[in-house]
Amino acid sequence: MTLKIVALTALALAAGSTAALSEPLKIGLITTLSGPGAGLGIDTRDGFMLAVEQSGAKDVEVLVEDDGQKPELAVQIADRMIQSEDVDVLTGIVFSNILMAVAPSATAQDKFYVSTNAAPAALAGAGCHPLYFNAAYQNDNLHEAMGEYANREYKNMVIMAPNYPAGKDSLTGFKRYYKGELAGEIYTQLGQTDYAAEIAQIRASGADGVFMFLPGGMGIAFMKQYAQSGSEIPVIGPGFSFSQDVLPAIGDAALGVKNSGQWAKNLDNPASKRFVEAFEAQYDRLPSIYAVQAYDAAQLILSAHESAEPSDTEAFRQALLKADIQSPRGKFSFNTNQHPIQDIYLTEVVKEDGVLTNHTVETIFTDHGDAYAADCQM
């Protein structure tokens, strides 16, 4: 599926001008719009397009395509967008294994990549690149926050994630801050839907808590099966496992679960309130952290384009680095590796007006960067 959204200068159209228009900013948004991870990609697309619409920009063209959660397909789409469509910026990928297949190739072809979600350690440290920005976090960050929180509540935990780059970063980040014992460290298959064996292992482990990173359909399947198992060992996780897009499907099994995020809908700042109101009005649902991250990625790209053309590589890069946006997250700046410095919160799943959502409880980290920035030489 290809969705092409084009806005041309209203002035030229109104005047009926036949003069050649300047080339619009062309953005290639590749994300997951089908399969078990589709909810994440849909929120990514919708958050991004909301920011484009709100900007009032008249010279922006966004090409949207579905990667089907397949790295080889994403590479084909990206190469076509670069070589045939001549996009200026690529963005939108949800999963880190797909990003690792696309971003290095894009930057090697002198194209900017601004990530809306995936943030593998390999691109934050020695593998950083001047044309690669991450508008979301670094993969370890939200897991680091839960490791810090877990020190207060648990002494012997099972930790679990899918066996792909973000899953490995997840458990690495958790262990970086968690000081207790591990009753088990489990890697599942990416896209797995049956967790009977893992749940049996958890129940037999003697653990007093479970940390799990299973985004999208994986988290839905696990939490439903875990609730059905009758296990009373509490579960915690990063915000990805309990994001707004999956909470309705998980249902009350998620109620009260502590997780982490750089944003939740009750965050008390004007930009967040405007964003939530606009997203609900546009899409008739609450936004997730995936939508917020994509919204900010779009804001960053559009803000940079106000003062520089992507063809002027260094000028556009410096414009991105300024992070001249009003983020729903509040404070937002870039670290030396072009990944965010931001606050990270403990959040809790609550029911508000009959709808499951996350509320911030407290701040775990203030102005938090990542562990890999020192290895980035730019």
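The values are calculated or read from the model by the stated rules, or taken from the named source; none is laboratory data. What you see is a predicted model, and the numbers here were worked out from it, not measured in a lab. Glycine also receives a Cβ, built like all others from the backbone with ideal geometry; neighbour counts cover every protein chain displayed.
Output the residues belonging to the stretch 295-320 that are crowded, with 22+ Cβ neighbours inside 10 Å and of a type in the set (Gly, Ala, Ser).
Matches in the stretch 295-320: 297, 298, 304.
Looking at the stretch 153-163, can you tell me whether even one residue there is more than 21 Å from the chain's Cα centre (by Cα) and part of a helix (DSSP H, G or I)?
yes
Which residue is nearest to residue 242 (Cα to Cα), if the candidates are limited to the stretch 342-356 and must be surrounded by fewer than 19 Cβ atoms within 10 Å (Cβ to Cβ) and not charged (D, E, K, R)?
350
Among the residues of the stretch 264-279, which ones are under 21 Å from residue 41 (Cα atoms) and assigned to a helix (DSSP H, G or I)?
Once the filter is applied, which keeps residues that are under 21 Å from residue 41 (Cα atoms) and assigned to a helix (DSSP H, G or I), the stretch 264-279 yields 272, 275, 276, 277, 278, 279.
Mind checking which residues of the stretch 148-174 are farther than 16 Å from residue 239 by Cβ and among the acidic types (Asp, Glu)?
153
Counting only residues that are farther than 20 Å from residue 31 by Cβ and not in a loop (DSSP other than H, G, I, E, B), how many does the stretch 107-139 have?
Selection size over the stretch 107-139: 3.
Go through (1) in contact with a strand residue (DSSP E or B) (Cβ under 8 Å, 6 or more places away or on another chain); (2) among the acidic types (Asp, Glu); (3) part of a loop (DSSP other than H, G, I, E, B) and name the single condition residue 324 misses.
Every listed condition holds for residue 324 apart from (1).
Looking at (1) out of contact with any Pro (no Cβ under 8 Å at 6 or more places or on another chain); (2) not assigned by TED's automatic domain parsing to the domain that holds residue 68, which is the one condition that is false for residue 146?
Status for residue 146: all satisfied but (1).
Could you please find all residues in the stretch 55-100 being touching a strand residue (DSSP E or B) at 6+ places or on another chain (Cβ under 9 Å), of a type in the set (Gly, Ala, Ser) and on the phi > 0 side of the Ramachandran plot?
Hit for the stretch 55-100 is 92, nothing else.
Checking the conditions here, which among 322, 331 is in contact with a helix residue (DSSP H, G or I) (Cβ under 8 Å, 6 or more places away or on another chain), under 22 Å from residue 55 (Cβ atoms) and free of Cβ contacts under 8 Å to residues at least 60 places away in the same chain?
Among 322, 331, only 322 is in contact with a helix residue (DSSP H, G or I) (Cβ under 8 Å, 6 or more places away or on another chain), under 22 Å from residue 55 (Cβ atoms) and free of Cβ contacts under 8 Å to residues at least 60 places away in the same chain.
Of everything in the stretch 1-52 that's at pLDDT 50 or above and hydroxyl-bearing (Ser, Thr, Tyr), which residue is farthest from the chain's Cα centre (by Cα)?
By that ranking, first place goes to 22.
Based on what the data block shows, is residue 243 touching an Asp or Glu at 6+ places or on another chain (Cβ under 6 Å), closer than 21 Å to residue 143 by Cβ and surrounded by 23 or more Cβ atoms within 10 Å (Cβ to Cβ)?
Considered against the rule, which asks whether it is touching an Asp or Glu at 6+ places or on another chain (Cβ under 6 Å), closer than 21 Å to residue 143 by Cβ and surrounded by 23 or more Cβ atoms within 10 Å (Cβ to Cβ), residue 243 comes out as no.
Any chance you could count how many residues in the stretch 326-341 are β-branched (Val, Ile, Thr) and surrounded by 20 or more Cβ atoms within 10 Å (Cβ to Cβ)? Steps first, answer last, please.
Our first condition is that a residue be β-branched (Val, Ile, Thr); within the stretch 326-341, this holds for 336, 341.
From what's left, surrounded by 20 or more Cβ atoms within 10 Å (Cβ to Cβ): none.
Final tally of qualifying residues: 0.
Looking at 67, 86, 59, which one is assigned by TED's automatic domain parsing to the domain that holds residue 297 and free of Cβ contacts under 8 Å to residues at least 40 places away in the same chain?
None of the other options fit; the residue is 67.
Only one of these is assigned by TED's automatic domain parsing to the domain that holds residue 41 and more than 22 Å from residue 124 (Cα to Cα): 315, 281. Name it.
On the way: 315 fails: more than 22 Å from residue 124 (Cα to Cα).
Just a single option satisfies the conditions, and that option is 281.
Residues 190, 214, 267: which one is closer than 19 Å to residue 145 by Cβ and in contact with a helix residue (DSSP H, G or I) (Cβ under 8 Å, 6 or more places away or on another chain)?
214
Would you confirm whether any residue within the stretch 179-195 is in contact (Cβ under 8 Å) with a residue 12 or more places away in the chain, under 20 Å from residue 363 (Cα atoms) and of a type in the set (Lys, Arg)?
Yes, because at least one residue in the stretch 179-195 is in contact (Cβ under 8 Å) with a residue 12 or more places away in the chain, under 20 Å from residue 363 (Cα atoms) and of a type in the set (Lys, Arg).
Across the stretch 125-137, which residue is nearest to residue 257 (Cα to Cα) among those that are touching a Leu at 6+ places or on another chain (Cβ under 9 Å) and surrounded by 21 or more Cβ atoms within 10 Å (Cβ to Cβ)?
Across the stretch 125-137, the extreme among qualifying residues is 135.
Give the residue that is surrounded by the most Cβ atoms within 10 Å (Cβ to Cβ), with candidates limited to residues of the stretch 265-275 that are modelled with pLDDT of 95 or more and within 17 Å of the chain's Cα centre (by Cα).
In this case the residue turns out to be 275.
Kindly evaluate residue 105 against the criterion of being in contact with a helix residue (DSSP H, G or I) (Cβ under 7 Å, 6 or more places away or on another chain) and surrounded by fewer than 24 Cβ atoms within 10 Å (Cβ to Cβ).
It is true that residue 105 is in contact with a helix residue (DSSP H, G or I) (Cβ under 7 Å, 6 or more places away or on another chain) and surrounded by fewer than 24 Cβ atoms within 10 Å (Cβ to Cβ).
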